[in-house]
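Trainee: Next up is a structure, given as structure tokens.
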Amino acid sequence: MSGRMDLECAIAVVAQPSLGMDKIRSSAIISNVRLSNTGLAGRAHAASMDFQGQFFRVSSELARVEGLREAFGAFLHNARVPAEEAARWRLVFTEALVNAIVHGNAQKPDQLIEVSWAVGDGVVRLEVVDGGPGPPVESLAPRLPDDPLQAGGRGLFLIQQSCDRVEHWRGPKGFRLVMVRATPGVHVPAAGNQELLDLALAEISQCYENLAAFYRLGDALIGAEALSAFFVRTAADIAKVVPHDRLALHFDERLHPTLLADLAKLPFAGGPVPPDGVVERALQSGQEQVWEDAAEIHGDPVWGGYACGVSVPLRVSGVTWGALTLARRRRPYLVAAELSTARTYADLFAIAVVNAHNASVRTREQQDLRDLEIASAMQTDLLPLPTLPVGRDWRAVVRRRSARSVAGDYVDVLATPNGGLLLAMVDVMGKGISAALFAGMVRTALHIHVEVGQPLSRLVHNLNRVLCRQIGDLTLFATCALVEISPARDRAFIVNAGHCPVLWLGPGPQGSVREYAPSGPPLGLYPTTEYVVEEQPLAPGDRLLLVTDGLYEWDSAGDEAGNWTRLVQLVSRRHHAGGEALWESFQQRIHDAMPGEVEARDDQTMLFWERCS
């Protein structure tokens, strides 16, 4: 093919969590692009076709596929590609990308894959570039393998059969595969840079609207005397960030009768769920139901007259307790950012409903036992151990041993928008449901502020101010240690808010140990506190250790300083063996001192980070 493709980068996309960007941001270059493709001149109507799309460059790891596929699906949704066509494209996308990673680059993380997609004039276009030589020529012919039990060979056949045109190039830089399919009705924004700028600014505005809604939602949850009052206050907030013509909340009949009767008085209570409708499908499947055309829900006695909408189940610990449904009488249908916001509200509504339900059914004799069961489930759901980002020049070990009385330890490793890392260790005051719920609130607030992108000093200041406002007069606070690792992995910036010291550990068995003590009080106490950020250079072999007090406040009551000193001495002797060995040393030391203790008295949490190269 003699044509060529020019890429004109217009503006960086602001990627939202709903697009799965947290799974790919650490190694992706993300851009909105205008594609001027003269290679389509074979069609008379496409001689000067303009495309609008996105471009990514990621490492050759299968873990990248899910996040990219989610971003591609969101792009197709916003381009108004019909659901059936979008499902076909997602299958083609998966086959093409997996082939490029597994066969083209042999899953070598240091080799990059380029992926771009675009829409224009009734056409969807997908392009994947890898560094390999490409498949054999005979493999590009549209046929199934001769052996029906053969493991591979079907992907290219599926791609050929699903697309109107498949083009490919082999060159010194690798193999390029282009897939094109006519898709009538796709929406293409104007190609001008101003329109792209307006779109990006709209996404930024949506991000801040969601952040403001989160603040108001926390205020409403803490200040409401009854669950019904909380829902009334938050319904107006939903309308500001997700415009709609109707909102309805349906609740499961298993809720306590007193609570269910109170919720039935809400002006937007859904009442009995009609059979074979969109809400029943959401409740039965536990999956959100999105419709983009009234024909998709034809016959629904409640929602049949609405052109588009979504029904999101209220789920906690895998159990569905109701559904939040939003609908519009006319298009445009809900875009990806609005769907993400609806999911966030549904998740928080579910937590509120379950909490109120359990409060209604508990008797005084059951109080302690029920608190423990519910808090354990919430700690598992709201405070999971982090899924560590992939790093070639660092590694981390995260371990937690939960106590018999559930506390609020929270540990996380987050990729920052600039390619750095944020290590977080939080210990919430108290135990039980209040501690687990407050720790979940700290986690949500931290994730939102990291996504916005801001210096560490500003991040901790804003986080403290938000928590102070949410807590109000409640006696709650959280100690917190935050460590930001620079994109080059050569600097660590440390803030300690009332937590036990962060340890920097030099390489080698006799390496140096440096402690970074608190520079201010715990979070949630004083809204005007300014925290000091300390800087620590990092070299290959350097390590950082963050722990909670459950690992040292257990053997000599009242001797906190001595307990900490003994832990530091153990760390200085054992850290060179790695994070796993260090954790085993901690557990063995506790077991030797208290051999009869089967369960921990307090949560024990450790984050061990090491620069490899």
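Trainee: (1) out of contact with any Leu (no Cβ under 9 Å at 6 or more places or on another chain); (2) more than 13 Å from L324 (Cβ to Cβ): which one isn't true of Q289, the others all being true?
Mentor: (2)
Trainee: Then there's this: Restricting attention to the range 91-99, does a residue exist that is out of contact with any Phe, Trp or Tyr (no Cβ under 7 Å at 6 or more places or on another chain), among the acidic types (D, E) and either farther than 21 Å from V335 by Cβ or crowded, with 18+ Cβ neighbours inside 10 Å (or both)? Reasoning before the result, please.
Mentor: Step one: of the range 91-99, the residues out of contact with any Phe, Trp or Tyr (no Cβ under 7 Å at 6 or more places or on another chain) are 91-92, 94-99.
So of that shortlist, the ones also among the acidic types (D, E) come out as 95.
Pick out the ones that are also either farther than 21 Å from V335 by Cβ or crowded, with 18+ Cβ neighbours inside 10 Å (or both) and you get 95.
Checked the range 91-99: at least one residue is out of contact with any Phe, Trp or Tyr (no Cβ under 7 Å at 6 or more places or on another chain), among the acidic types (D, E) and either farther than 21 Å from V335 by Cβ or crowded, with 18+ Cβ neighbours inside 10 Å (or both).
Trainee: Among the numbered conditions (1) crowded, with 19+ Cβ neighbours inside 10 Å; (2) under 22 Å from the mean Cα position of the chain (by Cα); (3) at pLDDT below 90, tell me where A323 comes up short.
Mentor: (3)
Trainee: Name every residue in the range 80-94 that is among the β-branched types (V, I, T) and closer than 18 Å to V115 by Cα, in order of residue number.
Mentor: Going through the range 80-94, the residues among the β-branched types (V, I, T) turn out to be 81, 92, 94.
Residues satisfying the conditions are V92, T94.
Trainee: Among all residue pairs at least 6 apart or on different chains, which show Cβ distances below 7 Å where the first residue, located in the range 228-241, is among the aliphatic types (A, V, I, L, M) and the second is buried (at least 16 other Cβ atoms within 10 Å of the Cβ)?
Mentor: Note: pairs meeting the criteria are V232/L266; A235/L247; I238/L247; I238/Y345; V241/E209; V241/N210; V241/A213; V241/T341.
Trainee: Check whether at least one residue in the range 588-599 is of a type in the set (S, T, N, Q), more than 22 Å from Q536 (Cα to Cα) and under 31 Å from the mean Cα position of the chain (by Cα), and report yes or no.
Mentor: Step one: filter the range 588-599 for residues of a type in the set (S, T, N, Q), giving 588.
Of the ones still in play, those that are also more than 22 Å from Q536 (Cα to Cα) are 588.
Now drop any that are not under 31 Å from the mean Cα position of the chain (by Cα), which leaves none.
Checked the range 588-599: no residue is of a type in the set (S, T, N, Q), more than 22 Å from Q536 (Cα to Cα) and under 31 Å from the mean Cα position of the chain (by Cα).
Trainee: Identify the single condition in (1) buried (at least 18 other Cβ atoms within 10 Å of the Cβ); (2) at pLDDT below 90; (3) in contact with a Leu (Cβ under 7 Å, 6 or more places away or on another chain); (4) in a loop (DSSP other than H, G, I, E, B) that W554 does not satisfy, given that it satisfies every other one.
Mentor: (3)
Trainee: Exactly one condition in (1) at pLDDT below 80; (2) more than 30 Å from D409 (Cβ to Cβ) is not met by M378; state its number.
Mentor: Looking at each condition in turn, M378 falls short on (2).
Trainee: Which one is nearest to M425 (Cα to Cα) among residues in the range 526-537 that are over 28 Å from the mean Cα position of the chain (by Cα) and not in a strand (DSSP E or B)?
Mentor: It comes out as V532.
Trainee: Across the range 247-261, which residue is surrounded by the fewest Cβ atoms within 10 Å (Cβ to Cβ) among those that are without any contact (Cβ under 8 Å) to a residue 60 or more places away in the chain and within 23 Å of A342 (Cα to Cα)? Even if it seems obvious, please write down each step before you answer.
Mentor: Narrowing the range 247-261 to residues without any contact (Cβ under 8 Å) to a residue 60 or more places away in the chain: 253, 257, 260-261.
Okay, now just the ones that are also within 23 Å of A342 (Cα to Cα), so 253, 260.
Numbers: E253: 8, L260: 16.
Going through the qualifying residues, I end up with E253.
Trainee: Assess whether L463 counts as being modelled with pLDDT of 90 or more and assigned to a helix (DSSP H, G or I). Reasoning before the result, please.
Mentor: Values: modelled with pLDDT of 90 or more: yes; assigned to a helix (DSSP H, G or I): yes.
Yes, satisfied.
Trainee: Also: Using beta carbons and a limit of 7 Å, which pairs, at least six apart or on different chains, have the first residue in the range 52-70 and β-branched (V, I, T) and the second one in a helix (DSSP H, G or I)?
Mentor: Sorted first by the residue in the range 52-70, then by its partner, the pairs are V58/S27; V58/R64; V58/L68; V65/T94; V65/L97; V65/V98.
Trainee: Now for a different question. Could you count how many residues in the range 121-147 are assigned to a loop (DSSP other than H, G, I, E, B) and modelled with pLDDT under 75?
Mentor: Restricting attention to the range 121-147, the residues satisfying the condition of being assigned to a loop (DSSP other than H, G, I, E, B) are 121-122, 131-136, 141-147.
Those left that are additionally modelled with pLDDT under 75: 141-147.
Adding up the residues that qualify gives 7.
Here is a yes/no grid of residues against (1) among the hydrophobic types (A, V, I, L, M, F, W, C); (2) assigned to a strand (DSSP E or B); (3) surrounded by fewer than 20 Cβ atoms within 10 Å (Cβ to Cβ):
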site	(1), (2), (3)
P267	no, no, yes
P274	no, no, yes
G309	no, yes, no
R330	no, no, yes
L334	yes, no, no
F349	yes, no, no
V353	yes, no, no
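Trainee: Could you tell me which residue of the range 388-412 is modelled with the highest pLDDT, considering only residues that are over 26 Å from E484 (Cβ atoms) and not in a strand (DSSP E or B)?
Mentor: Ranking the candidates gives S402 first.
Trainee: Is it the case that some residue within the range 109-123 is touching a residue at least 12 places away in the same chain (Cβ under 8 Å) and in contact with a His (Cβ under 8 Å, 6 or more places away or on another chain)? Spell out the reasoning first.
Mentor: First, pick out the residues of the range 109-123 that are touching a residue at least 12 places away in the same chain (Cβ under 8 Å): 109-123.
Subsequent filtering for residues that are in contact with a His (Cβ under 8 Å, 6 or more places away or on another chain) retains 119, 121.
Within the range 109-123, one or more residues are touching a residue at least 12 places away in the same chain (Cβ under 8 Å) and in contact with a His (Cβ under 8 Å, 6 or more places away or on another chain).
Trainee: From (1) part of a helix (DSSP H, G or I); (2) over 25 Å from F438 (Cβ atoms); (3) of a type in the set (G, A, S), pick out the condition that doesn't hold for A235.
Mentor: Going through (1) part of a helix (DSSP H, G or I); (2) over 25 Å from F438 (Cβ atoms); (3) of a type in the set (G, A, S) one by one, A235 breaks only (2).
The values are calculated or read from the model by the stated rules, or taken from the named source; none is laboratory data. The model shown is predicted, which means the values in this text are computed figures rather than measured ones. Because the Cβ atoms are built from the backbone with ideal geometry, glycine has one as well, and the counts that use them run over all protein chains shown.
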